[in-house]
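Okay, structure first, notes after.
Laboratory data are not the source of any read-out in this text; all were calculated from the coordinates shown. The structure displayed is predicted, hence computed values, not measured ones. We place every Cβ from the backbone using ideal geometry, glycine too, and count neighbours over all the protein chains shown.
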Amino acid sequence: MQKKPTRTMATTESALKPVVTRFAPSPTGYLHIGGARTALFNWLYAQHTGGRFLLRIEDTDRARHSSEAVAAILDGLKWLGLDWDGEPLSQFGRAARHAEVAHALLSSGKAYRCYLSAEDLAQARAKAEAEKRPFAVRSPWRDRDPATALTGVPGVIRFKAPREGETIVHDIVQGRVVFQNKELDDLVILRSDGTPIYNLAVVVDDHDMAVTHVLRGVDHLTNAARQSQIYSAMDWEVPVFGHVPLIHGADGAKLSKRHGALGIEAYRSLGYLPAALKNYLVRLGWSHGDAEIFPLEKMIEWFDLTSLGRSAARMDFAKLADTNAHYIREAGDSELIARIEAILPELDTVAVPKSGLDVTTRAQLLCLMPDLKLRAKTLREIVEGAECLFMRRPIALDDKAAKLVDAEAKKQIAALVTRFTDVMQWDATTLEAQVRVHAEAGGLKLGKLAQPLRAAITGKSVSPPIFKVMEVLGREETLARLRAVLV
RNA sequence: GGUCCCUUCGUCUAUCGGUUAGGACACGAGAUUUUCAAUCUUGGAAGACGGGUUCGACUCCCGUAGGGACCGCCA
């Protein structure tokens, strides 16, 4: 290595070693919000240190594996912009290596063949429960001479966990967590069919992939203890563990479908921006002083493991919406249109062309976008705000709108129509000027005229600025809509 | 039940023994306004409880209560 020491490495900015992190979902369902957050944390930390972020699919349980789920997870990560290094690794494909390690443990006396049947175990468990006694597997095969191994019975390989002393997990988030070894029993590492069990596979893979930092949900904390024991048995270096708190529903209970344990693709089709979702997620359990908005570069620059909190956070859709509104306002108009078009087929709340926008509508939408995005918290709300563009004559007026178009209003509209017919320049400024002149002449407040116009043109009492809508709709369409309420 | 973890405004959080306990979202009031927003001003709102340690605790220690996670030949 001939690396010249750079200036930055010597200065105050700590020269962090590039780390290797990973995200290791099991493909049993979609990528949920909690998974997205752990993936984000891992990704951010890798970026922060200039390291690598790897992806591994934990698919050793073939019965629960689904390739659609894998695809959904990859799509979700891509949508969020969490790109991984190299090819995603399939854990299943490494079964031979896992078995090899299990056998190495076996021959070094750190594991043993166990012939306890599932029924034996179930009985022992039931008995312990009946006696209100904590259950731990105590296999009679643990200390038996390996030569007495049964033949013809498949059996499993169990890890010979230490019975004395304690196992300490040094966790960068949770601190020093001590487990008494007598509480940890001998876990199966290789099934009777020769396939590996999760806790073994994880250790072997993380080691082989040279993972330096394992960031995952606290639900894995006890696994960290058992995994630490396997690391020691293999004489491998234990990675840095960081067990992040889980995300709860708004009521503090476990996140269920009712609360919004939606797949990431649901957030997409609800009209959230990936940047907003990332921003919201990174603030759940992590902070950087009073900062709330993190442009990606800042997020990467500031993200650290020491500022991760230890308590569970609740999902707050109002805050997510606010963050999303912020990113919508910052986004480019054509980018927003592209994102809207991407989710158009999934929009069921508004009458929009599912097939896509025609050239005219897209141009109108683009023109109105600066006004629309100021009023929307989600892409769906943008579309809802733009509904007047998708409407076809005759425009149906809702109750409030119908009320606004009373006899007096119709009189004014009739007068305005004549005025508009002669307008040279059909744009918002000119139109507004015309209406203002008319209002002044009649001694009316502008709202007295703008509201009926809005009602007649959009069918609603609220809309984007009405003169802008008129401009975008064009002379012909606008006048036609106005005349329609006069008959 | 056992083990482990957590506990500051309604929510997300700041505070790293000395602050009028700060910010953001949400909520209330006002200003502005062609509607709705946006924006600006402004208000209310918190250290679970009980003991210690200390000159001094939100901050450290212990206990209680509440919440959570894990206890599979699942991951």
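Tabulated results
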{"item": "Positive-end residue of A:W426, A:Q412, A:A401, charge dipole of segment A:378-450 with Cβ unit charges", "result": "A:Q412"}
{"item": "Convex hull projection area averaged over all views, segment A:32-106, Cα basis, nm²", "result": "6.4"}
{"item": "Calculated over segment A:106-250: convex hull of Cα atoms, volume per residue (Å³)", "result": "154"}
{"item": "Charge dipole (debye, nearest 20) of segment A:307-410; +1 at Cβ of Lys and Arg, -1 at Cβ of Asp and Glu", "result": "220"}
{"item": "Potential extension, A:E129-A:A63 segment - 0.36 nm per residue separation minus Cα distance", "result": "20.9 nm"}
{"item": "Prolate/oblate/rounded call for segment A:403-487, Cα gyration tensor, a/c under 1.5 rounded", "result": "rounded"}
{"item": "Chain A: angle of helix A:33-49 to the longest principal axis, Cα-based, in degrees nearest 10", "result": "80"}
{"item": "Calculated [θ] (222 nm, deg cm²/dmol) that DSSP helices of n ≥ 4 give over chain A, each run adding -39,500 (n - 2.57)", "result": "-14000 deg cm²/dmol"}
{"item": "Debye, to nearest 20: dipole size of chain A, +1 on Lys, Arg Cβ, -1 on Asp, Glu Cβ", "result": "640"}
{"item": "Of all DSSP beta bridges in chain A, antiparallel share, percent nearest 5", "result": "50"}
{"item": "Of A:L479, A:F241, A:L366, farthest towards positive along the dipole that unit charges on Lys, Arg, Asp, Glu beta carbons give chain A", "result": "A:L479"}
{"item": "Too-long pairs where the Cα-Cα distance tops 32 Å, listed order kept, from A:K278/A:K468; A:K78/A:K254; A:K373/A:K400; A:K319/A:K400; A:K354/A:K400; A:K403/A:K468", "result": "A:K278/A:K468"}
{"item": "Nearest-ten-degree value, helix A:118-130 long axis tilted from longest Cα axis of chain A", "result": "80"}
{"item": "Positive-pole candidate from A:F179, A:Y198, A:V214, dipole of segment A:154-238, charges at beta carbon", "result": "A:F179"}
{"item": "Cα-only radius of gyration and Dmax that characterise segment A:175-223, units Å", "result": "12.9, 38"}
{"item": "Alpha-carbon Debye profile of chain A, log10 I(q)/I(0) at 0.10, 0.11, 0.13 Å⁻¹", "result": "-0.87, -0.97, -1.20"}
{"item": "Segments A:107-113, A:241-247 sorted - mean Cβ within 10 Å per residue, highest first", "result": "A:241-247, A:107-113"}
{"item": "Rule-of-thumb Rg ratio for segment A:244-352 [Cα; 2.2 N^0.38 Å; N residues]", "result": "1.16"}
{"item": "Relative counts (whole %) of C-alpha pair distances in segment A:340-487, using bins that are 5 Å wide", "result": "2, 9, 20, 22, 20, 13, 8, 4, 1, 0"}
{"item": "Long-range tail of P(r) for segment A:260-307 (Cα pairs > 12 Å, %)", "result": "65"}
{"item": "Prolate/oblate/rounded call for segment A:386-453, Cα gyration tensor, a/c under 1.5 rounded", "result": "oblate"}
